[in-house]
Amino acid sequence: MNDAQALRVRFAPSPTGYLHVGGARTALFNWLLARKAGGRFIVRIEDTDTDRNVEGAIPKIIEDLRWLGLNWDEGIEVGGPHAPYLQSQRLDLYRAAVTKLLETGQAYYAFDTSAELEAMREQAMAEKRNFRYPRPERFPDESDMQQARAAGKPVVVRFKMPGEDITVHDEVMGQVTIKADELDDFIIVKADGMPTYHLANVTDDGEMQINFVVRGQEFLAQTPRHIALQRALGYPTPRYAHLPLIMDMKGRKLSKRDGDVEVFSFRQAGYLPETLVNFIALLGWSPGMQREQFSLSEIVEVFDTARVNRANAKFDRDKLLAFNTDYCASLGEDRLLEAFTDWLSINPDSSLAKANLDESSRRTLLHVNKGFRLFPDIEKKSGFIYLPDEAIEYDPQAVKKVLAKNDGEGFAMLRMLLPQIEATAPWTHETLEALIANVCQSHGAGMNKVAQPIRVAVAGTTVSPAIYDTLVMLGKEKTLNRIRRALATVQ
Ligand code: GLU
């Protein structure tokens with residue numbers, strides 16, 4: 001690439017499901033490179049494998065990328081000079097490429113059935129040699145193709161590999177050479193007439209003038225085929241960087257069995273996009289300094305493919321959670337409120353979402369739950385406040401330990417408190433603090449002896465935000481209702 005040429009990178013997901021962390025990392029690294037170099041980041045959807053396409057996946061991928069904060073300069077939805085950015089709408093281009101390859105003898109028709117191919121593979125196995133598709137002496141012409149089609153045979157197009165070793169100069173993995181005899185004539189048009197991933201991918205990278213391809217290491221083995229196709233079609237070979245694999249903590253390829261792997265699941269589980277992009281940036285890349293927590297704009301400054309390692313990356317969920325806890329503690333209040341509001345909107349079944357909280361209640365919740373790791377912690381600790389009083393369930397352990405113990409010491413405390421609580425006005429942090437301090441003093445009781453019975457009565461458990469915050473949020477009427485209900489139902 002000459003220096004004057006602007007960097008053009010892309011993320012090219014296939015719509016086979018939600019965006020997972022591997023895809024998100026590819027998108028992020030490309031985005032970072034483009035932003036750092038003042039280049040263009042393109043998002044193209046590779047949907048020519050119709051069997052694997054999943055209905056509704058495209059809008060989800062788009063939403064996840066946006067949630068992560070990875071905007072694109074050209075591509076799906078935003079348009080651009082190479083529109084459309086959906087491969088199923090670009091079939092004419094691939095057809096033109098195939099025609100060119102057929103006409104110049106660089107591709108040929110083939111009509112093998114899957115049973116025939118299977119038999120060839122088995123024979124190769126029996127003869128203890130690698131299977132290579134046997135290229136015919138003479139390539140079938142159009143009339144052979146028509147005949148085969150009329151006879152109901154599958155018609156595919158195969159690319160004639162040039163028969164030479166191909167070296168990938170990979171900026172992460174180094175030089176990778178694949179021997180000519182490992183590269184056989186692969187399919188570029190399937191029997192259903194659709195281009196394969198290889199053909200569509202290479203054609204689009206060429207047409208869209210992508211000059212740096214950054215993607216997962218699982219694609220490296222295909223790259224020599226892509227280089228051969230680029231040469232045949234007259235496209236320049238871009239720079240390449242293949243990113244290391246992402247493994248779980250046991251050294252296995254990251255997968256669902258180990259927990260969430262989809263960006264949306266992390267969002268739903270209450271992670272912040274700030275956390276996720278920071279964490280994902282470290283999957284294979286290291287900033288070369290002790291510090292690990294960076295905002296997206298800070299990563300743009302320090303990011304460089306030279307610091308992407310070859311070694312497999314480790315997906316450390318404990319670290320991710322620790323990152324999120326830190327981000328929740330350090331983000332500005334307004335930004336946290338925005339993220340919390342987003343979390344509520346995608347978790348409509350949580351009692352906090354059902355409560356339709358106004359902005360000031362949402363702010364208060366964030367405030368009184370300081371130190372939380374994930375948004376569901378707020379739900380767990382404070383959701384009870386917004387339940388109908390009769391929905392409070394009393395945890396038998398808490399009832400036993402806090403209310404029933406010592407001949408119903410806690411119940412007695414609640415009975416004693418009831419008229420005083422009734423008489424408390426106004427209902428504020430200060431008046432409640434004075435009330436409880438008073439009772440502690442007159443009974444020679446510790447704070448817990450007074451606060452815990454109230455807590456169990458209003459929350460059903462021993463877990464809630466600080467008692468005054470809880471009671472203020474709950475309001476006087478509900479506090480009284482719940483104490484009366486506890487006395488009437490669990491005593
Ligand atoms: N469509 C491919 C995928 O599913 C993209 C491969 C590439 O980036 O070249 O990830």
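The values are calculated or read from the model by the stated rules, or taken from the named source; none is laboratory data. Worth saying up front: this structure is predicted, and the values here are computed from it rather than measured. Here the Cβ is made from the backbone with ideal geometry for all residues, glycine too, and neighbour counts use every protein chain on show.
Structure data summary
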{"item": "Breaking point among (1) within 13 Å of the ligand (Cβ to nearest atom); (2) assigned to a helix (DSSP H, G or I); (3) surrounded by fewer than 22 Cβ atoms within 10 Å (Cβ to Cβ); (4) among the aliphatic types (A, V, I, L, M), for Ile61", "result": "(3)"}
{"item": "Residue that is nearest to Gln87 (Cα to Cα) [pool: residues in region 1-58 that are of a type in the set (Lys, Arg) and either surrounded by fewer than 18 Cβ atoms within 10 Å (Cβ to Cβ) or within 11 Å of the ligand (Cβ to nearest atom) (or both)]", "result": "Arg44"}
{"item": "Condition check for Asp349: in a loop (DSSP other than H, G, I, E, B) and either in contact (Cβ under 8 Å) with a residue 40 or more places away in the chain or out of contact with any Ser or Thr (no Cβ under 6 Å at 6 or more places or on another chain) (or both)", "result": "yes"}
{"item": "Tally of residues being touching a residue at least 60 places away in the same chain (Cβ under 8 Å) and farther than 15 Å from Thr424 by Cβ across region 446-472", "result": "10"}
{"item": "Region 149-170, residues that are farther than 18 Å from Glu137 by Cα, touching a strand residue (DSSP E or B) at 6+ places or on another chain (Cβ under 7 Å) and either surrounded by fewer than 16 Cβ atoms within 10 Å (Cβ to Cβ) or basic (Lys, Arg) (or both)", "result": "Asp165, Thr167, His169"}
{"item": "Filtered residues of region 311-321 (kept if surrounded by fewer than 16 Cβ atoms within 10 Å (Cβ to Cβ) and either small (Gly, Ala, Ser) or at pLDDT below 95 (or both))", "result": "Ala311"}
{"item": "Condition broken by Asn324, with the remaining ones in (1) under 18 Å from Ala34 (Cβ atoms); (2) surrounded by 18 or more Cβ atoms within 10 Å (Cβ to Cβ) satisfied", "result": "(1)"}
{"item": "Pairs where the first residue, in region 320-336, is free of Cβ contacts under 8 Å to residues at least 60 places away in the same chain and closer than 11 Å to Leu272 by Cβ and the second is among the polar types (S, T, N, Q) and surrounded by fewer than 21 Cβ atoms within 10 Å (Cβ to Cβ), C-beta under 7 Å, 6+ apart", "result": "Phe323/Gln293; Asp326/Gln293"}
{"item": "Elements of type helices (runs of 4 or more DSSP H) contained in region 384-491, each with 1 or more residues being closer than 21 Å to Leu352 by Cβ and modelled with pLDDT of 95 or more", "result": "447-459, 467-474, 476-489"}
{"item": "Residue, farthest from Val155 (Cα to Cα), within region 223-240, restricted to residues that are hydrophobic (A, V, I, L, M, F, W, C) and within 14 Å of the ligand (Cβ to nearest atom)", "result": "Ile227"}
{"item": "Residue within region 81-90 that is touching a residue at least 24 places away in the same chain (Cβ under 8 Å) and aliphatic (A, V, I, L, M) present", "result": "yes"}
{"item": "Test: residue in region 76-93 that is among the small types (Gly, Ala, Ser) and crowded, with 19+ Cβ neighbours inside 10 Å", "result": "no"}
{"item": "Scope region 181-222; condition in contact with a Pro (Cβ under 8 Å, 6 or more places away or on another chain), farther than 30 Å from Leu117 by Cα and either among the charged types (D, E, K, R) or within 12 Å of the ligand (Cβ to nearest atom) (or both); matching residues", "result": "Asp205, Ile210, Phe212, Val213"}
{"item": "Some residue of region 137-144 being within 27 Å of Asn30 (Cβ to Cβ) and more than 16 Å from the ligand (Cβ to nearest atom)", "result": "no"}
{"item": "Residue identified as of a type in the set (Val, Ile, Thr), more than 30 Å from Arg335 (Cβ to Cβ), at pLDDT 95 or above and within 26 Å of the chain's Cα centre (by Cα) among Ile76, Ile62, Ile45", "result": "Ile45"}
{"item": "Some residue of region 338-359 being in contact with a strand residue (DSSP E or B) (Cβ under 9 Å, 6 or more places away or on another chain) and crowded, with 16+ Cβ neighbours inside 10 Å", "result": "no"}
{"item": "The lone exception for Pro84 - which of (1) under 19 Å from Phe139 (Cβ atoms); (2) part of a loop (DSSP other than H, G, I, E, B) it fails", "result": "(1)"}
{"item": "Residues satisfying the stated conditions in region 238-269, i.e. crowded, with 22+ Cβ neighbours inside 10 Å and out of contact with any strand residue (DSSP E or B) (no Cβ under 8 Å at 6 or more places or on another chain)", "result": "Phe266, Arg267"}
{"item": "Cβ pairs under 7 Å, 6+ apart, first in region 210-231 and at pLDDT 95 or above and part of a strand (DSSP E or B), second more than 12 Å from the ligand (Cβ to nearest atom) and of a type in the set (Lys, Arg)", "result": "Phe212/Arg239"}
